[in-house]
Amino acid sequence: MITAAQIRAGRNMINAKQTDLAKAAGVSLATLNNIERAIGDPRVSTLDAIERALNIGGVSFENDGNNQIVTLNSIARPNAYDTFSASQRVLETFTPANLLKVKKITFFCRRRNNARDGESKFIICILIEGKARSILFDQVNFSVINAARTAEVTGILLASFVMFSNKIHYIDKIFEDTTVDEASEVIRKLDAQECLPMMHPKNFFDIFDDWDNHISQYAEYDGHPMDKLVKLINS
């Protein structure tokens with residue numbers, strides 16, 4: 001179980017105030033203050049919430065009884081779970097209370113090697129850079145191959161424009177399969193490219209597909225993320 005010393009160390013590693021961590025964990029400032037001073041007997045659920053908030057911020061913990069280890073994981077690369085769960089993970093990083101503290105979002109596209117019939121040849125990837133860590137989503141099969149996948153991608157774009165309109169960028173080229181490289185090497189390659197401010201989703205979509213075609217297919221459905229995204233951009 002996470003200790004008071006680990007909480008203090010983890011929070012300091014990512015330069016988070018007690019108010020930041022309390023908000024991210026959903027606990028009161030007084031409760032967190034007492035826990036960090038080892039006052040009282042906090043609930044396991046409260047400690048779990050604090051640990052999860054710090055984990056999202058990039059801090060991991062180990063406690064083997066002899067050593068209390070606190071590690072800052074500056075780069076995360078989520079595994080290729082199903083696209084719905086992955087899109088929820090992306091959206092989770094966008095919440096205001098998240099300790100990641102988003103500084104920049106970069107969308108890019110890579111080729112999918114050996115794509116089979118019914119699979120997209122292009123995968124949409126996202127690099128989210130925070131105050132103390134970066135999260136690279138390039139192993140998830142985000143695409144616009146069908147209505148469901150398009151809804152996931154446009155849902156992420158919609159949230160990006162709603163919350164971080166001045167922090168969204170894209171790279172105007174298609175990469176070869178980035179998953180064969182280490183995450184740090186992929187980020188290095190991305191940094192070497194010119195990142196353009198994404199003023200409109202069409203700028204990015206038209207690199208690998210046809211924005212106007214997707215508008216005609218999905219934007220007419222009231223409530224579809226594409227419909228909401230178009231209304232937001234045109235407002």
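The values are calculated or read from the model by the stated rules, or taken from the named source; none is laboratory data. Everything quoted here is computed from the prediction, not taken from an experiment. Note that each Cβ is placed from the backbone with ideal geometry, even for glycine, and that neighbours are counted across all protein chains shown. Only protein heavy atoms, including side chains, enter the accessible area calculation; ligands, DNA and RNA are left aside. Shrake-Rupley method; radii C 1.70, N 1.55, O 1.52, S 1.80 Å.
Would you look at the GNM of the chain, springs on alpha carbons closer than 10 Å, and say which of G57, G223, G26 moves the most? With Cα springs under 10 Å in the chain, the top fluctuation among G57, G223, G26 is at G223. For S85, the solvent-accessible surface computed with a 1.4 Å probe is close to 50 Å², ligands and nucleic acids excluded. Judged by the gyration tensor of its Cα atoms, with axes a ≥ b ≥ c, the range 25-116 is prolate; a/c meets the 1.5 cut and a/b is the larger of a/b and b/c. The solvent-accessible area of C125, taken with every protein chain present and a 1.4 Å probe, is close to 0 Å².
Accessible area ranking (1.4 Å probe, heavy atoms, ligands and nucleic acids excluded), largest first, for R116, R52, R133: R116, R52, R133. Remark: accessible surface ordering of S60, S216 (largest first) is S216, S60, probe radius 1.4 Å.
When a/c reaches 1.5 or more, the comparison of a/b and b/c decides; with that in mind, is the range 94-235 rounded, prolate or oblate per its Cα gyration tensor? Oblate shape, in that a/c is at least 1.5 and b/c is the bigger or equal ratio. Think of the range 80-192 as having a plus end and a minus end, set by charges on the Cβ of Lys, Arg, Asp and Glu; of A97, L190, A147, A97 sits farthest toward the positive end of this dipole. Under the convention that each Lys and Arg Cβ holds +1 and each Asp and Glu Cβ holds -1, the size of the dipole of the range 1-81 around its Cα centre is about 260 debye. Rolling a 1.4 angstrom probe over the chain with all protein chains present gives an accessible area of which 47% lies on carbon and sulfur atoms. For chymotrypsin sites (Phe, Trp or Tyr not before Pro), the sites in the range 1-89 that DSSP calls loop and that have at most 16 other Cβ atoms within 10 Å are Y81. Measuring with a 1.4 angstrom probe and ignoring ligands and nucleic acids, T179 comes out at about 50 Å² accessible.
What you get for the range 53-112, charging only the Cβ of Lys and Arg (+1) and of Asp and Glu (-1), is a dipole of about 560 debye around the Cα centre.
Across every direction, the projection of the convex hull enclosing the Cα atoms of the range 42-89 has a mean area of 4.7 nm².
Counting only protein heavy atoms and a 1.4 Å probe, the chain has 50 square angstrom of accessible area per residue.
In a simple Cβ point-charge model (Lys, Arg +1; Asp, Glu -1; nothing else charged), the chain has a dipole of about 780 debye relative to its Cα centre.
Separation of the range 159-204 from the range 55-122 is 15 Å, based on Cα centroids. Solvent-accessible surface of protein heavy atoms, probed at 1.4 angstrom with all chains present, puts K202, K228 in the order K228, K202, largest first.
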